[in-house]
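Single-structure report; data block below.
Nothing in this text is a laboratory measurement; each read-out follows from the coordinates by a stated rule. Only a predicted model underlies this, so the values are computations on that prediction, with no experimental measurement involved. Here Cβ is always computed from backbone atoms with ideal geometry, including for glycine, and neighbour counts include all displayed protein chains.
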Ligand code: C2O
Ligand code: CU
Ligand code: CU
């Protein structure tokens with residue numbers, strides 16, 4: 001297994017001077033004027049273009065003045081553009097100017113296996129991959145990222161990821177903010193750790209693999225310490241957890257509600273008012289926040305639920321355990337004088353959601369997400385079988401198809417988490433959660449999902465409509481990238 005960590009030198013790391021706001025219960029909002037203004041990834045509007053271009057490249061990013069950080073990105077030095085798509089066929093031209101393989105997986109797009117961009121579709125250095133993407137799905141927020149087996153964690157950490165918007169043109173009619181970068185804010189939430197010279201730090205020690213790697217510095221859209229500027233009124237936040245491992249529990253400092261309007265796969269029937277929103281790696285959520293009162297505010301997060309001292313992970317505490325103590329700042333908001341285009345929260349989004357009863361049918365499969373010290377793992381020598389992590393006792397093997405699903409069928413999957421909470425993701429489908437830990441589904445998981453945090457157990461139903469060629473299976477895996485890279489992944493065909 002090839003691990004490329006050339007960007008990520010060894011040696012001492014430091015807390016990013018002046019930019020660490022751990023242990024802040026409250027943020028001094030008086031300071032906002034001195035903060036840089038948050039910017040948004042460049043937008044590629046490919047709704048009518050028929051094609052768009054992404055190029056994996058290396059570059060330098062100014063996270064800190066005067067200390068350039070070597071990073072990777074698509075079309076730029078870090079992360080990539082947000083690509084807006086509409087129903088219809090669009091050709092992606094993804095080229096690779098790096099000296100290592102990358103891939104471009106469309107996480108959240110419902111595409112046949114030959115367009116999926118998973119680990120079986122590496123783009124070699126100097127090559128271009130040109131899949132046709134037949135977009136035909138509800139409006140949603142999705143993303144793309146590299147997915148080379150064994151190198152997803154380092155690739156995404158270095159910056160090989162970007163945002164996607166599937167747009168159906170009806171947001172004005174729904175009363176939803178949709179002006180990119182103005183009242184419709186794409187927010188890629190990540191955490192990083194830096195060396196003193198500004199370079200990215202990454203640690204592949206056993207505890208970091210066990211927990212997944214977390215940094216001590218929050219980075220939003222590739223920026224540290226920036227403030228978003230919101231108009232007075234309704235603002236839509238498209239939140240993407242692009243961290244390797246950190247699970248956010250987001251809330252507004254003022255106690256303002258976040259009105260959840262969409263989950264991974266699209267809209268809810270109507271907004272759900274939430275005091276806090278859990279967002280695990282790979283998940284997206286769209287919320288409306290009303291800044292009509294003109295008061296500055298901040299999006300904060302509670303500590304990562306996987307970083308607790310208790311339980312089996314106690315013996316694998318990371319050095320530092322960053323941002324674990326209490327709440328921390330994710331993104332402050334300054335409110336401008338300018339009035340927002342939308343000021344009234346819509347009471348309906350008018351998106352029909354099939355009732356779960358209608359879809360809860362079909363063949364049952366069970367999956368246990370296994371850590372080495374979990375039941376059955378130490379005993380059977382799992383540590384020595386080519387993967388630290390596994391699903392149903394079997395570490396991922398690119399040469400093994402784990403099962404086949406019949407195309408057009410609906411299945412019921414029961415996922416069991418072992419030791420930690422794991423975000424479980426399936427390629428090629430949107431699914432619905434029908435129970436969590438044997439009980440009711442939390443409000444944030446009632447819509448269409450492709451990634452769901454499994455704390456103890458989750459039961460979901462999915463219909464498998466997208467076909468796979470025999471050599472290009474879909475993946476299912478934990479989206480803690482260190483777990484995925486170390487074997488907590490499997491693959492299936494839809495035939
Ligand atoms: Cu976002 Cu298989 O990944
Ligand atoms: Cu995916
Ligand atoms: Cu995991």
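General remarks:
- DSSP beta bridges confined to the stretch 180-309 are antiparallel in about 80 percent of cases.
- Estimated from the Cβ-Cβ distance and a Förster radius of 25 angstrom, the FRET efficiency linking residue 89 and residue 170 is about 0.75.
- The stretch 87-207 - Debye-derived log10 I(q)/I(0), Cα point model, q = 0.23 Å⁻¹: -1.33
- Potential extension, residue 442-residue 397 segment - 0.36 nm per residue separation minus Cα distance: 12.9 nm
- Relative to its Kirkwood radius, the Cα radius of gyration of the chain gives an Rg/Rh of 0.93.
- Point-to-point label distance, residue 355-residue 62, nm (Cα→Cβ direction, 7 Å offset): 5.8 nm
- Extension gain for the segment residue 270 to residue 344, taken as residue separation times 0.36 nm less the Cα-Cα distance, is 25.3 nm to one decimal.
- Here each label is just a point 7 Å from Cα along the line to Cβ, and for residue 495 and residue 124 those points are 2.9 nm apart.
- Divided by 2.2 N^0.38 Å, where N counts the residues, the Cα radius of gyration of the stretch 404-495 comes to 1.06.
- Computed per residue of the chain from DSSP H runs no shorter than four, each worth -39500 (n - 2.57), the mean residue ellipticity at 222 nm is -1000 deg cm²/dmol.
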